[in-house]
1. Determine whether residue 74 is open to solvent by less than 30 Å² (accessible area, probe 1.4 Å) and either touching a Ser or Thr at 6+ places or on another chain (Cβ under 8 Å) or not in a helix (DSSP H, G or I) (or both).
2. Restricting the search to the range 49-62, which residues are open to solvent by 80 Å² or more (accessible area, probe 1.4 Å) and touching a helix residue (DSSP H, G or I) at 6+ places or on another chain (Cβ under 8 Å)?
3. Checking residue 104 against (1) assigned to a helix (DSSP H, G or I); (2) without any contact (Cβ under 8 Å) to a residue 40 or more places away in the chain: exactly one of these is not met. Which one?
4. Going through 41, 31, 24 one at a time, which residue ends up being outside any helix (DSSP H, G or I), over 30 Å from residue 145 (Cα atoms) and small (Gly, Ala, Ser)?
5. Output the residue which, of all residues in the range 1-38 that are among the β-branched types (Val, Ile, Thr) and at pLDDT below 90, is surrounded by the most Cβ atoms within 10 Å (Cβ to Cβ).
6. Considering the range 143-152 alone, what residues qualify as being of a type in the set (Val, Ile, Thr) and surrounded by fewer than 12 Cβ atoms within 10 Å (Cβ to Cβ)?
Amino acid sequence: MARLFRFLDLPPFWLIAMAVAAFGVDRLIPGLGFGLNWTQGAGTGLICIGLGVMALAVWEFLRARTTIIPRKRPSAFLRSGIYQLTRNPIYLADAMVLGGLVLRWDVLPALVLVPVFMGIITTRFILGEEEGLITLFGEEYENWAATVRRWL
């Protein structure tokens with residue numbers, strides 16, 4: 001059971017769980033949408049931007065030949081490209097995709113799930129990753145983290 005939980009306790013699982021929750025809210029309590037015409041376009045745009053940010057981050061991982069898997073020991077400290085704007089571009093992209101899905105589905109009250117998702121990701125992944133990076137890269141990481149925001 002612990003092995004299954006460890007497998008499920010990855011950021012994509014939390015993104016899917018929050019998306020399912022948002023979709024479920026729409027199905028369980030229909031009529032929560034506001035019927036605004038702009039939400040579908042805005043949602044699609046946010047999803048596309050999120051996927052673009054994710055692609056830029058993955059590119060940096062590939063260039064550095066380091067692991068993208070959370071809780072694995074990285075072999076490089078990423079700070080170029082998209083990492084000049086945010087310390088966690090993939091997590092930011094996940095939050096953007098979630099927000100985009102909520103907008104596309106017109107379940108605006110479910111937007112509350114975006115900060116919930118961000119809180120879960122921060123406590124379950126980011127804080128531990130930051131501790132590991134401080135251990136591995138010390139003052140170099142701390143100086144960079146002082147100038148680049150965690151989310152955006």
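The values are calculated or read from the model by the stated rules, or taken from the named source; none is laboratory data. A quick note: this is a predicted structure, and the numbers were derived from the prediction, not measured. Virtual Cβ from ideal backbone geometry, glycine too; neighbours counted across all protein chains shown. With ligands, DNA and RNA removed, areas are computed over all heavy atoms of the protein, side chains included. Shrake-Rupley method; radii C 1.70, N 1.55, O 1.52, S 1.80 Å.
1. Details: open to solvent by less than 30 Å² (accessible area, probe 1.4 Å): no; either touching a Ser or Thr at 6+ places or on another chain (Cβ under 8 Å) or not in a helix (DSSP H, G or I) (or both): yes.
So residue 74 does not fit the description; no.
2. In the first step, residues of the range 49-62 are kept if they are open to solvent by 80 Å² or more (accessible area, probe 1.4 Å); the result is 49, 51, 56, 59, 62.
Scanning the range 49-62 gives 49, 51, 56, 59.
3. Of everything listed in (1) assigned to a helix (DSSP H, G or I); (2) without any contact (Cβ under 8 Å) to a residue 40 or more places away in the chain, residue 104 misses just condition (2).
4. Values: 41 fails: outside any helix (DSSP H, G or I); 24 fails: outside any helix (DSSP H, G or I).
Step by step, each of 41, 31, 24 is checked, and only 31 is outside any helix (DSSP H, G or I), over 30 Å from residue 145 (Cα atoms) and small (Gly, Ala, Ser).
5. Start the filter on the range 1-38 by keeping residues that are among the β-branched types (Val, Ile, Thr), which leaves 16, 20, 25, 29.
Add one more test, that the residue is at pLDDT below 90, and what stays is 25, 29.
Numbers: 25: 18, 29: 11.
It comes out as 25.
6. Filtering the range 143-152 down to residues of a type in the set (Val, Ile, Thr) leaves 147-148.
Answer for the range 143-152, where residues must be of a type in the set (Val, Ile, Thr) and surrounded by fewer than 12 Cβ atoms within 10 Å (Cβ to Cβ): just 147.
Residues checked against (1) at pLDDT below 95; (2) open to solvent by 40 Å² or more (accessible area, probe 1.4 Å):
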site: 82; (1), (2): no, no
site: 88; (1), (2): no, no
site: 109; (1), (2): yes, yes
site: 115; (1), (2): no, yes
site: 122; (1), (2): no, no
site: 134; (1), (2): no, yes
site: 141; (1), (2): no, no
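Residues checked against (1) of a type outside the set (D, E, K, R); (2) in contact with an Asp or Glu (Cβ under 7 Å, 6 or more places away or on another chain):
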site: 69; (1), (2): yes, no
site: 72; (1), (2): no, no
site: 82; (1), (2): yes, yes
site: 88; (1), (2): yes, no
